[in-house]
1. Go through the range 156-173 and give me each residue that's in contact (Cβ under 8 Å) with a residue 12 or more places away in the chain, assigned to a loop (DSSP other than H, G, I, E, B) and over 14 Å from residue 212 (Cα atoms).
2. How many of the residues making up the range 156-168 are modelled with pLDDT under 95 and either surrounded by 18 or more Cβ atoms within 10 Å (Cβ to Cβ) or hydroxyl-bearing (Ser, Thr, Tyr) (or both)?
3. So, in the range 72-121, exactly how many residues are in contact (Cβ under 8 Å) with a residue 60 or more places away in the chain and open to solvent by less than 20 Å² (accessible area, probe 1.4 Å)?
4. Among the residues of the range 79-119, how many are part of a loop (DSSP other than H, G, I, E, B) and farther than 10 Å from residue 59 by Cα?
5. Out of all the residues in the range 327-347, which are part of a loop (DSSP other than H, G, I, E, B), open to solvent by 40 Å² or more (accessible area, probe 1.4 Å) and more than 15 Å from residue 20 (Cβ to Cβ)?
6. Please state which of the following conditions residue 36 fails to meet, knowing it meets all the rest: (1) at pLDDT 90 or above; (2) open to solvent by less than 30 Å² (accessible area, probe 1.4 Å); (3) within 23 Å of residue 103 (Cβ to Cβ).
7. Give me the pairs: first residue in the range 498-520 and in contact (Cβ under 8 Å) with a residue 12 or more places away in the chain, second residue open to solvent by less than 100 Å² (accessible area, probe 1.4 Å) and not hydrophobic (A, V, I, L, M, F, W, C), beta-carbon distance under 7 Å, and six or more apart or on different chains, which are they?
8. Residue 66 passes all but one of (1) in contact with a strand residue (DSSP E or B) (Cβ under 8 Å, 6 or more places away or on another chain); (2) closer than 21 Å to residue 46 by Cα; which number fails?
Amino acid sequence: MSWHPQYRSSKFRHVYGKAASKDKCYDCVPITHNINDNYFCAVNPSFIAVVTECVGGGAFLVIPIKQTGKLDPHYPRVCGHKGNVLDIKWNPFNDFVIASCSEDTTVKIWDIPNQLLKRNITTPKKELVGHTRRVGLIEWHPTADDILFSSGYDYKIMIWNLSVLGTVLSKPVKILDAHKDVVLSMSFNTNGSLLATACRDRKIRVINPRAGTVLQEGSYKSHRVNKVLFLGNMKMLFSTGTSRWNNRQIALWDQNDLSVPLLEEDLDGSSGLLFPVYDSDTHMLYVVGKGDGNIRYYEINPEKPYLNYLMEYHSHLPQKGIGMMPKRGLDVGACEIFRFYKLIPTKSLIEPISMIVPRRSESYQADIYPLTAAAQPALTAADWLAGIDKEPLLVSLRPRSEAVMSPPQLPDQEPLTEDTDQSQQQESQGRLSVEDKQKPREIEHSRKRLKVYESLPENQQMCLSNGFDMFECPPPKTESELLQMYYRQQEEIRRLRELVIQKDIQIKQLSLELRNLCTHTDD
């Protein structure tokens, strides 16, 4: 009979939200009053973009991330749309390219200069013309370069290849017409091979976007879905919506069986939408309420109980929309694991909210910052359209660390031929940094240590620190997985060295105090 502890041990159990001071907020920003259920804000480490009120067409502001304080009322705008802007998204691989969609049925791609805007931007880099009704949602592909998805009120999802020459594109590479009503939400899995959608017909669909086929479709009478989200590679979906009694509700689904939710929970009786945000690095799920100032956050587990409530951030200022900073833009020195940008139209204010893990040490905490997705595409648009899937490239958040490595291969892939293995090894070696190529002895040494570790009896095996548990994670089977383990061990060694240095300093201080004490005693 197994014993389960009453309290879970978690590094993120005490995470708390901290609002920025007034001088680090963005004040006097004319935030849109549009009633659409979108985020209306997009953030990257260089800029913050927010949909704004505009007379005669649609516009949005692009503000440098460090330009806080009061905004000039005559600050230039991006205003090339003829209708209200409904959604904006930054290119995940280029901080100076942003996409926008509008009620004028078009999607536009904009180049943002690497300097302070001095005049309005009215000419887009590309214009995508294909929808017959207003376009409500856009999403960039998470691993392929220049692939953009758009969803309109014509019930169609269009896939665009932006690497095609021309400023006006009227022919998408693929049209998904599996929906019979308006699509309310779109979400990709980690490598972008699957697309999950929530539709106004109350159905959740999992679609193969290249083939255009619906792999799973389901609806539940007691859950009217509004937003849906892939939970990384955990084979689960998370959705927010309302119950039959109009209570705000969350639900967890098996990706391969949408007939009945794994978990269903009513939150409260408010009428505002719930925006779900998932951090696949820390397995933390944030639920942001529209129309209130609360942010609930949970920890996701692959086994029951799937959802573990951590805490809730409270604020008396209601939010209309929300923006999320990518992980590469966080302040790792302050143990910041996530950052929201809260839109408060009643105050014309954008307020950053940092989610912080309380730690005493001011050094880099490697255990709360695993390797995260880099700002580099894993494959080209042509490769993805040809049927190739790759996991995102990974990068360390340690300061002054710029090495990008290829992700580990999935264990459930089919065995490849010897020629293909050799070509993939050459390709992965080509992506590694020069520093990694200079350390073959250390990698071989890690291999030998793993073999010795596997030969030990169970009662003598020890778990690796730095958040890597050998009882939960299998030994590495590929070169990439071995490199990932090697990086974690190196980070742990650096952390231990820093601790040793701190202890040496403390020892010296104590010895000086002891010497002074002895001197005073002799006197």
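The values are calculated or read from the model by the stated rules, or taken from the named source; none is laboratory data. Worth saying up front: this structure is predicted, and the values here are computed from it rather than measured. Backbone-built Cβ (ideal geometry, glycine too); neighbour counts: all protein chains shown. Surface areas here come from the heavy atoms of the whole protein model, side chains and all, with no ligands, DNA or RNA. Shrake-Rupley method; radii C 1.70, N 1.55, O 1.52, S 1.80 Å.
1. Quick first cut of the range 156-173, residues in contact (Cβ under 8 Å) with a residue 12 or more places away in the chain only: 156-163, 166-173.
Next, from what is left, pick out any that are assigned to a loop (DSSP other than H, G, I, E, B): 156, 162-163, 166-167, 170-173.
162, 163, 166, 167, 170, 171, listed by residue number.
2. Here the count works out to 2.
3. Adding up the residues that qualify gives 1.
4. So in the range 79-119, the residues part of a loop (DSSP other than H, G, I, E, B) come out as 82-84, 91-96, 103-105, 112-119.
After this cut, where a residue has to be farther than 10 Å from residue 59 by Cα as well, the list is 91-96, 103-105, 112-119.
Total meeting the criteria: 17.
5. Kept after step one, since they are part of a loop (DSSP other than H, G, I, E, B), are these residues of the range 327-347: 330-331, 335, 345-347.
Among the residues that remain, those that are also open to solvent by 40 Å² or more (accessible area, probe 1.4 Å) are: 331, 346-347.
Passing the criteria: only 346.
6. (1)
7. 498/363
8. Every listed condition holds for residue 66 apart from (1).
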